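The values are calculated or read from the model by the stated rules, or taken from the named source; none is laboratory data. It should be emphasised that the depicted structure is a prediction, and the values quoted were computed from it without experimental measurement. Neighbour counts are summed over all protein chains in view; Cβ atoms, including those assigned to glycine, are modelled from backbone coordinates with ideal geometry. Side chains are part of the model used for accessible areas, which takes the heavy atoms of the whole protein and leaves out ligands, DNA and RNA. Shrake-Rupley method; radii C 1.70, N 1.55, O 1.52, S 1.80 Å.
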Amino acid sequence: MSDKKNRSLKPGWRQVRLGDVVQLSKARSQDPLADGIERYVGLEHLEPGDLRIRSWGNVADGVTFTSIFQPGQVLFGKRRAYQRKVAVADFSGVCSGDIYVLETKDSEVLLPELLPFICQTDAFFDHAVGTSAGSLSPRTNWTSLADFEFALPPSSEQMVVVRKLSSAVEAIQALEEVKRRAGDVFESSAVQFFESTAGGWPRKKFEDVSAFVTNGFVGKSAQHYVTTGGVPYLVSKNVRRNRLKLEELTYISEEFHRSARKSQLLEGDILTVQSGHIGETAVVPEDFAGANCHALIITRPLPELLDSFFAAYYLNSKVGQRRLAQLVIGSTIQHLNTSDLKKLEIPIPKLEEQKRIAALLSEVLREQDEIDRRIEATKKLLVHLRAEVFS
């Protein structure tokens, strides 16, 4: 590295090439099962932004992978590097040829614990993506990846950096565990309400407690009316269990919105996905009253008979999902028909009881949302810390 680059760094830090301090593991097994290896990891088992490997396959089920990894080594997905798949192994196994197994050459020069954080920096991913070749399935290669340059702290400071970054990772993992437990509370409470106690409640068809159950706009003509602003146009990707996902929101013109009156939405309408994430349901909030939708089932409850959130929580519960699964048709492309949802029976306690149950479950969801906000804030802090350390 040039002296000029090193002079611009913090005292004791130096600019290095990845290949100078990191190497590819060359350990291989031609018969993992015979060698006593039990687990394998493919790209599908690595989650973007998550350093832990949370799922894997069993070698006994059959696998052609031969690259061995050991606890502490770093797995980097070289195919479609823009997916940002990096993880630290906490068990031994074999992995896909589309995964590089990285290790430090000398732990006194580069701590193994610091390597995964280097591989999570924006600069590293930018380099990996920029050196990838191929159109449908771009891959980077080790020769190009080894040329990546970064600022390496002196060995005396590396553990301090690791502790700082690890504390943020541990905070995220702890919050995710709290979120998982909150999800368990929601599920167990929903089962208690909708299965254990529903035996004494009368059951009625959705169409009997709703003003209507109908389709959102169906057809392709709306594509000609998509605009950069205007009226929000909800589609299946925007509806998830108990919430709207609005990162990718489409808008249509006022002209088309007025012509598609049947699919105009009001606050409290229930939206159910017909294909894809079949049966996932959300309630239209106040700020989306007046929106429009495409290829979703719209249920408009009669407010004196059915609480919107009670109905949505029922459909999203394991009890409701089992009932909906029985209505799904199609083998290759599965679909939920509006006519079948109309006939679906739902337990109907008194309205006051519906609202009480909905309020209790809503409180659990609010806690989950707050945990989500804390997770996102901590993830941003981790990104900031990485940038501060390695910039």
Where a Cα-Cα gap under 17 Å defines reach, which lysines qualify for K343, not counting those fewer than 8 residues away within the same chain? K204, K205
The farthest towards the positive end of the charge dipole of segment 1-85, of the residues A81, S29, T64, given +1 on Cβ of Lys and Arg and -1 on Cβ of Asp and Glu, is A81
Hey, what angle do you get for helix 351-390 against the long axis of the chain, alpha-carbon based, 0 to 90 degrees rounded to 10? 20
Rounded to two decimals, the Rg over Rh value of segment 324-383 from Cα coordinates and the Kirkwood Rh reads 1.22
Work out which GluC sites (Glu not before Pro) in the chain are exposed loop sites (DSSP not H, G, I, E or B, at most 12 other Cβ within 10 Å) and give the longest gap free of them. 109-246
Using a simple charge model, +1 on the beta-carbon of Lys and Arg, -1 on the beta-carbon of Asp and Glu, nothing else, what dipole does segment 104-249 show about its Cα centre, in debye to the nearest 20? 960
Sequence gap at least 6, Cα distance under 8 Å: using those rules, report the relative contact order of the chain to the nearest whole percent. 15
Nearest 500 deg cm²/dmol is fine: what mean residue ellipticity at 222 nm does the chain get from its DSSP H runs of n ≥ 4 alone, each adding -39,500 (n - 2.57), divided by its residue count? -10500 deg cm²/dmol
Return the long-range amide H neighbours of K204 (sequence gap of 5 or more, or a different chain), with a cut-off of under 5 Å between placed amide H atoms. I346, I348
Rounded to the nearest 20 debye, dipole of the chain from Cβ charges on Lys, Arg, Asp, Glu: 520
Output ³J(HN,Hα) for segment 207-216: one whole-Hz value per residue in order, computed from phi by the Karplus curve 6.51 cos²θ - 1.76 cosθ + 1.60 with θ = phi - 60°, and x for Gly and Pro. 5, 7, 10, 10, 5, 6, 10, 9, 7, x
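At 1.4 Å probe radius, can you tell me the per residue accessible area of the chain in Å²?
About 51 Å² of surface per residue is accessible.
First select every other residue whose beta carbon is under 13 angstrom from the beta carbon of L33; then total the charges, Lys and Arg +1, Asp and Glu -1.
Numbers: positive: R39; negative: D31, D35, E38, D61.
Summing Lys/Arg as +1 and Asp/Glu as -1 gives -3.
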Using alpha carbon positions and the Kirkwood radius, the Rg to Rh ratio of the chain is 1.06
Sequence neighbours fewer than 8 away in the same chain don't count; with that in mind, list the lysines whose C-alpha is under 26 Å from K78. K26, K105, K379, K380
Which whole-number percent gives the relative contact order of segment 1-158, counting Cα pairs below 8 Å spaced six or more residues apart? 29
Taking the radius of gyration and the Kirkwood hydrodynamic radius from Cα positions alone, what is the Rg/Rh ratio for segment 88-189, to two decimal places? 1.07
Compute the long axis of helix 155-191 from its Cα atoms, compare it with the longest principal axis of the Cα atoms of the chain, and write down the angle in degrees, 0 to 90, nearest 10. 20
Please report the net charge: other residues with Cβ closer than 15 Å to the Cβ of Y251, K and R +1, D and E -1. -3
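When every alpha-carbon pair in segment 175-303 is counted, what percent end up more than 26 Å apart?
31
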When N is the residue count of segment 261-360, what does its C-alpha Rg come to as a fraction of 2.2 N^0.38 Å? 1.07
Using the charge dipole of the chain (Lys, Arg: +1 at Cβ; Asp, Glu: -1 at Cβ; taken about the Cα centre), state which of I252, L341, V235 has its Cα farthest towards the positive end. I252
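Treating the beta-carbon of each Lys and Arg as +1 and of each Asp and Glu as -1, no other charges, what is the dipole magnitude of segment 343-389 about its Cα centre, to the nearest 20 debye? Walk me through the numbers on the way to the answer.
Details: 10 positive and 10 negative charges, 23 e Å.
For segment 343-389, the charge dipole is close to 100 debye.
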Using a 1.4 Å probe over the heavy atoms of the protein chains, calculate the carbon and sulfur portion of the accessible area of the chain as a whole percent. 50
